[in-house]
Amino acid sequence: MHHDTKLWIDQLRSGDVRALARAISTVENRAPGWSELLKALFPHSGKARVLGLTGPPGAGKSTLVDQLARFYRKDNRTVGIIAVDPTSPYTGGAILGDRIRMQDHFSDPGIYIRSMATRGSLGGLARTTADVTTVLDASGRDLIMIETVGVGQDEVDIVRLADVTILILVPGMGDDVQTLKAGIMEIADIFVINKSDRDGAEHVEREIRTLQSLAMRHDGWTPPIVKTVASQGMGIKELADAVADYEAYLQKENLAMHKSVENWQERLIEMLRDAMLEKAREHMADGGVARYAAEVAEHKRDPYTLIEEIAANAGKS
């Protein structure tokens, strides 16, 4: 390992926030040295508890994450927050509005917040988020919260990185609970009904229970439903307790490792796909794809043979 890299990693692990920010940017932008950095940090990761929080826009996720972070800080645990917005064009920096409230925390080095948005990056958001999580984990954070907006495939992939997945819903969604992507319902370990002081909280709870009775979990856990009013700090302790209960369950049933193996299976295939794609791209000169696309569109050649040839070439290097 290069001497500078070692120094950088020592700073990062001693809690230096600037070293952490630089490492995250390096990994996120795939800047020179990013893979060496991750290789060196990986052995130091694996200790943080990763919570994934998702739910439709307007569910009050940021407020909930904010309150949960405060709760854990009172317990003297350090927190890293990754706020992922797959819908927003990248404006360079935080997605404002929701994040302004988080300013309170900026004086507290025990909370580190990073916003990420889709930039059509190769490998997608899930992979970059995974790598940023590794950096935060290696920096010694006790808890990492990944907050994502929306309930599409991106979210399912991102939340798969988590040890505990929390799905946040709100009253007034009515039958919309049924339209949530099946994958999201299945991977939720804990359900939260936020803004539960509004009419319709019971209705949402019934909907969740109905859907739960149809889906079978292979780990035997029945996800609890926690009611919160995050804006008033209500139900936050109950949510933290539910997280602790699920963690205890995973330990008791020896499921934590099993879950980790499953997550890594997904991630390794994803990483392999990215690496192969990179290789294939290197073999196609600039404009190669456009040229091939034109040939296929004009039926001058068939796509099947073409892909076989590109894959064979990429495999040789």
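The values are calculated or read from the model by the stated rules, or taken from the named source; none is laboratory data. Note that the coordinates shown come from a computational prediction; the quantities given were computed from them, not determined experimentally. Cβ: placed from backbone, ideal geometry, glycine included. Neighbour counts: every protein chain shown.
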query: Scanning for something farther than 26 Å from residue 128 by Cβ, out of contact with any His (no Cβ under 7 Å at 6 or more places or on another chain) and part of a helix (DSSP H, G or I), does region 222-230 turn up at least one residue?
result: yes
query: Could we say that residue 249 is modelled with pLDDT of 85 or more, part of a helix (DSSP H, G or I) and in contact with a Phe, Trp or Tyr (Cβ under 8 Å, 6 or more places away or on another chain) here?
result: yes
task: Check region 1-16 and report whether any residue there is farther than 17 Å from residue 128 by Cα, of a type in the set (A, V, I, L, M), in contact with an Asp or Glu (Cβ under 8 Å, 6 or more places away or on another chain) and not assigned by TED's automatic domain parsing to the domain that holds residue 145.
output: yes
message: Looking at 186, 262, 282 in this structure, which one is out of contact with any helix residue (DSSP H, G or I) (no Cβ under 6 Å at 6 or more places or on another chain), in a helix (DSSP H, G or I) and in the same structural domain as residue 53 (by TED's automatic domain parsing)?
response: 186
task: Have a look at 7, 38, 53 and point out the one that is more than 30 Å from residue 204 (Cα to Cα) and in contact (Cβ under 8 Å) with a residue 40 or more places away in the chain.
output: 38
message: Of all residues being of a type outside the set (A, V, I, L, M) and within 17 Å of the chain's Cα centre (by Cα) in region 1-28, which is surrounded by the fewest Cβ atoms within 10 Å (Cβ to Cβ)? Just the residue, please.
response: 25
message: I'm trying to understand the selection: among the residues of region 209-218, which are assigned to a loop (DSSP other than H, G, I, E, B) and surrounded by 12 or more Cβ atoms within 10 Å (Cβ to Cβ)?
response: 217
- request: Could you tell me whether region 170-182 includes any residue that is outside any strand (DSSP E or B), at pLDDT 95 or above and among the hydrophobic types (A, V, I, L, M, F, W, C)?
  value: no
All positions within region 193-208 that are in a helix (DSSP H, G or I) and surrounded by fewer than 18 Cβ atoms within 10 Å (Cβ to Cβ): 202, 203, 206
- request: State yes or no: is residue 263 surrounded by 14 or more Cβ atoms within 10 Å (Cβ to Cβ), at pLDDT below 85, out of contact with any Leu (no Cβ under 6 Å at 6 or more places or on another chain) and closer than 22 Å to residue 126 by Cβ?
  value: yes
